[in-house]
Amino acid sequence: MDRITLAHGDGGELAHQLIQQVFVSYFHNDAYAKFDSALFHIENGQIAMTTDSFVVKPIFFPGGNIGKLSVAGTVNDLAVSGAIPKMMTCSFIIEEGFPIKDLKQIVHSMAEEAKKANVQIIAGDTKVVERGSADGIYINTTGLGIVPQPLTASIQEGDSVIISGSVGDHGIAVLAARGELGLMTHLESDCATLYPMISAAMKASKNIRIMRDPTRGGLATSLVEICEDFQVTIELEEEAIPLKREVQGACELLGFDPLYLANEGKVVLIVAKEDEQNVLDAIRSFPEGKEAAVIGTVRSTEKGQLLLRTPLGTTRRLYRLSGLLLPRIC
């Protein structure tokens with residue numbers, strides 16, 4: 001049998017075969033699969049936990065697929081919180097008729113991505129719904145990590161804002177893969193697990209105030225949230241923000257602002273000015289961070305505003321993304 005049927009979700013023999021031949025086979029969690037709950041030991045320290053759902057369309061896109069995205073996204077949420085990612089669970093909602101070969105490719109991508117951060121996928125669930133009810137496959141994840149030293153978020157005037165690379169790559173790559181607007185590009189999504197790079201940055205500086213992965217809503221929305229939550233004013237330099245030519249061209253053609261496009265392999269950090277170069281050097285030593293740049297400064301610890309200085313020397317205020325820019329992006 002090469003396609004998912006409703007019988008794969010009824011808990012019987014076909015469900016058992018699916019779990020053993022696909023999930024247990026790729027995730028190597030034979031011991032955990034014998035029980036209804038995964039039992040594990042953790043080190044002393046603060047625990048970080050995150051959960052997320054992934055509904056990206058198309059399921060396969062240049063640079064990744066929904067499986068790679070689900071693991072990278074979960075690991076990155078833990079890593080930017082200062083956590084060491086340890087374990088994950090994942091649940092699949094699969095549409096009747098979905099090709100098992102595609103499912104195997106997705107699960108294989110998840111297993112490979114988990115290895116990069118030394119994360120174990122220890123538990124999960126599978127549900128099968130009728131044809132036409134799920135658009136192929138949806139994935140829900142929960143991630144658990146240990147926080148040895150929590151970030152203080154003590155943002156100070158003069159702190160530097162660093163982005164690990166070009167913005168908007170994922171948004172444009174997925175949009176082009178849909179083929180809806182006739183957009184042609186060789187651009188790949190930046191989808192990547194960032195824990196090794198973030199770990200190196202944290203070793204390079206004890207003065208990283210806060211980190212975010214600018215996914216839905218993009219760089220601008222992530223920084224607006226920081227400004228408002230911590231009542232600081234940040235000024236970005238538009239010319240300093242890394243931007244690939246393909247992204248810039250697509251945005252000019254379609255009327256998008258790249259600062260609001262989703263990223264799935266970038267981290268934005270606010271660090272003490274004196275540690276700026278150490279953090280840049282650490283990030284740039286990884287392929288995912290070779291385009292890292294200082295893009296702004298904390299101007300004051302009041303008001304809660306994000307400002308953008310343009311090449312003309314004018315300044316305008318940026319706000320959260322308003323409305324729906326690109327649905328089903330992650």
For the stretch 54-172, shape from the Cα gyration tensor axes a ≥ b ≥ c, cut at a/c of 1.5 then a/b versus b/c, turns out prolate
Just one of (i) -0.35, -0.46, -1.23, -1.36; (ii) -0.30, -0.39, -1.10, -1.22; (iii) -0.37, -0.47, -1.04, -1.14 is log10 I(q)/I(0) by the Debye sum over Cα atoms at q = 0.07, 0.08, 0.14, 0.15 Å⁻¹ as worked out from the coordinates here. Which one is it? (ii)
Would you work out what percent of the accessible area of the stretch 142-275, with all protein chains in place, is carbon or sulfur (probe 1.4 Å)? 47
Among VAL128, GLN21, LEU187, whose Cα lies farthest out toward the positive end of the dipole of the chain, if unit charges sit on the beta carbon of Lys, Arg (+1) and Asp, Glu (-1)? LEU187
Accessible area per residue, Å², the chain with all protein chains present, probe 1.4 Å: 46
The helix 66-79 Cα axis meets the longest alpha-carbon principal axis of the chain at an angle in degrees, between 0 and 90 and rounded to 10, of 50
Taking only C-alpha pairs under 8 Å that are 6+ residues apart, what is the relative contact order of the stretch 85-223 in percent? 28
Among 130-139, 189-198, 274-283, 170-179, how do they line up from the highest to the lowest mean number of other beta-carbon atoms within 10 Å? 189-198, 170-179, 274-283, 130-139
Given only helices, namely DSSP H runs of n ≥ 4 each adding -39500 (n - 2.57), what is the per-residue ellipticity at 222 nm of the chain, to the nearest 500 deg cm²/dmol? -8000 deg cm²/dmol
Placing unit charges on C-beta atoms (Lys and Arg positive, Asp and Glu negative, everything else neutral), compute the dipole magnitude of the chain about its Cα centre in debye, rounded to 20. 160
Given PHE98, ALA176, ALA79, which one lies farthest toward the positive end of the charge dipole of the chain, if we put +1 on the Cβ of every Lys and Arg and -1 on the Cβ of every Asp and Glu? ALA79
With the cut-off at 1.5 for a/c, could you classify the stretch 117-222 from its C-alpha gyration tensor as rounded, prolate or oblate? oblate
Hey, got the dipole for the stretch 194-330? About the Cα centre, +1 on K and R Cβ, -1 on D and E Cβ, debye to the nearest 20? 160
Using the crude model of +1 on Lys and Arg Cβ and -1 on Asp and Glu Cβ, and no other charge, please compute the dipole size for the stretch 118-175 relative to its Cα centre, in debye to 20. 240
Which lysines does LYS116 reach when only Cα atoms under 28 Å apart count, and residues fewer than 8 places away in its own chain are ignored? LYS34, LYS57, LYS68, LYS86, LYS101, LYS104, LYS127, LYS203, LYS206, LYS244, LYS266, LYS290
With the dipole of the chain defined by +1 on each Lys or Arg Cβ and -1 on each Asp or Glu Cβ, the option from THR141, VAL267, PRO287 whose Cα lies farthest towards the positive pole is PRO287
Zero-based 10 Å bins, Cα pair distances in the stretch 140-180, whole percents: 17, 21, 36, 21, 5
Quick one: helix 100-116 against the long Cα principal axis of the chain, what's the angle to the nearest 10°, folded into 0 to 90? 50
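The values are calculated or read from the model by the stated rules, or taken from the named source; none is laboratory data. As the structure is a prediction and not an experimental result, all values here were calculated from the model. All Cβ positions, glycine included, derive from the backbone under ideal geometry; neighbour counts span all protein chains shown. Quick note on the areas: whole protein, heavy atoms, side chains included, nothing else; ligands and nucleic acids left out. Shrake-Rupley method; radii C 1.70, N 1.55, O 1.52, S 1.80 Å.
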